[in-house]
Amino acid sequence: MSNPLNLTIPEGLPFIDYDREFDFPVADVFRAHKDPDLIVQWLGPRGLKMDIDHYDFRTGGSYSYLHTGPDGVAYEFSGVFHTVRENEFAIQTFEFGGYPDVVSLEFMTFEDLGNGRTRLRGHSVYPTQEARDGMAQSGMEGGMTEGYERLDELLSGAKV
């Protein structure tokens, strides 16, 4: 069984918080966020094909990738990794090509819960309330839920 995604969208504030537990060690969950060969196997909703231009999950690194739907429509995403601490923390920017010049700042914390379990916490800050509301209404929750279910499947079937 998959652990639930807990998404918090506070009224009148330009941020979104989330947390999700995984029944896998921090090192495995972190590596699945770091390794582009693993990222393409789980990031995003089912049914989308992911093509990575580049993905360098380290302090000062950057990323750019496309998700393409079965209808052939492509969605471009890019950003910069400002701080990455192995198995602990990452700060990155996130920009969706469909809304250029709207960049969010995202914080991810990888917490060791013991017994081979991890809690991932995220805090995403948007430049405006309107940008935050647009993200919240974009299908983000469903896409994140599916992606994390895919991550569970990947980690249960692959030694990372």
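The numbered conditions (1) outside any strand (DSSP E or B); (2) modelled with pLDDT of 95 or more; (3) not acidic (Asp, Glu) are all true for SER138 except (2).
Can you find a residue that is more than 19 Å from PHE107 (Cα to Cα), assigned to a strand (DSSP E or B) and hydrophobic (A, V, I, L, M, F, W, C) anywhere in the stretch 56-71?
Taking the stretch 56-71 and keeping what is more than 19 Å from PHE107 (Cα to Cα), we get 65-71.
Applying the additional criterion that residues be assigned to a strand (DSSP E or B) yields 65-68.
Right, trim to hydrophobic (A, V, I, L, M, F, W, C) and you get 66.
Yes, the conditions are met somewhere in the stretch 56-71.
Residues of the stretch 93-102 include none that is of a type in the set (A, V, I, L, M) and modelled with pLDDT of 95 or more. Which of the residues that make up the stretch 28-60 are more than 14 Å from the chain's Cα centre (by Cα), crowded, with 17+ Cβ neighbours inside 10 Å and of a type outside the set (Asp, Glu)? Passing the criteria: only LEU48. Could you please find all residues in the stretch 111-132 being part of a helix (DSSP H, G or I), surrounded by 16 or more Cβ atoms within 10 Å (Cβ to Cβ) and of a type in the set (D, E, K, R)? If the condition is that a residue be part of a helix (DSSP H, G or I), surrounded by 16 or more Cβ atoms within 10 Å (Cβ to Cβ) and of a type in the set (D, E, K, R), then ARG132 is the only one that fits. When restricted to residues that are surrounded by fewer than 16 Cβ atoms within 10 Å (Cβ to Cβ) and assigned to a loop (DSSP other than H, G, I, E, B), the stretch 4-13 contains 5.
Here the stretch 61-88 is the region considered, the condition is being over 17 Å from ALA32 (Cβ atoms) and among the aliphatic types (A, V, I, L, M), and the residue that is surrounded by the fewest Cβ atoms within 10 Å (Cβ to Cβ) is VAL73. Of the residues making up the stretch 30-43, just one is part of a loop (DSSP other than H, G, I, E, B) and either at pLDDT below 95 or of a type in the set (A, V, I, L, M) (or both), namely LEU43. Checking the structure you have, find out if any residue of the stretch 69-78 is hydroxyl-bearing (Ser, Thr, Tyr) and in contact with a Gly (Cβ under 8 Å, 6 or more places away or on another chain). Among the residues of the stretch 69-78, at least one is hydroxyl-bearing (Ser, Thr, Tyr) and in contact with a Gly (Cβ under 8 Å, 6 or more places away or on another chain), which makes the answer yes. Somewhere in the stretch 14-29, is a residue more than 18 Å from TYR148 (Cα to Cα), of a type outside the set (Lys, Arg) and assigned to a strand (DSSP E or B)? Within the stretch 14-29 (the criterion being more than 18 Å from TYR148 (Cα to Cα), of a type outside the set (Lys, Arg) and assigned to a strand (DSSP E or B)), the answer is yes, since at least one residue qualifies. Has the stretch 41-55 got any residue that is hydroxyl-bearing (Ser, Thr, Tyr) and over 23 Å from LEU155 (Cα atoms)? Scanning the stretch 41-55 turns up no residue that is hydroxyl-bearing (Ser, Thr, Tyr) and over 23 Å from LEU155 (Cα atoms). If you go through the stretch 111-160 and pick out every residue that is in contact with a Leu (Cβ under 6 Å, 6 or more places away or on another chain) and basic (Lys, Arg), you end up with 1. Quick one: count up the residues across the stretch 100-110 that are of a type in the set (Asp, Glu) and not in a strand (DSSP E or B). Result for the stretch 100-110: 1.
When the stretch 89-110 is filtered for residues that are touching a strand residue (DSSP E or B) at 6+ places or on another chain (Cβ under 6 Å) and either exposed (fewer than 14 other Cβ atoms within 10 Å of the Cβ) or not hydrophobic (A, V, I, L, M, F, W, C) (or both), the ones remaining, listed by number, are GLN92, THR93, GLU95, GLY97, SER104, GLU106, THR109.
The values are calculated or read from the model by the stated rules, or taken from the named source; none is laboratory data. None of the values given here were measured: they were computed from a predicted structure. Positions of Cβ are backbone-derived with ideal geometry, glycine not excepted, and every protein chain shown enters the neighbour counts.
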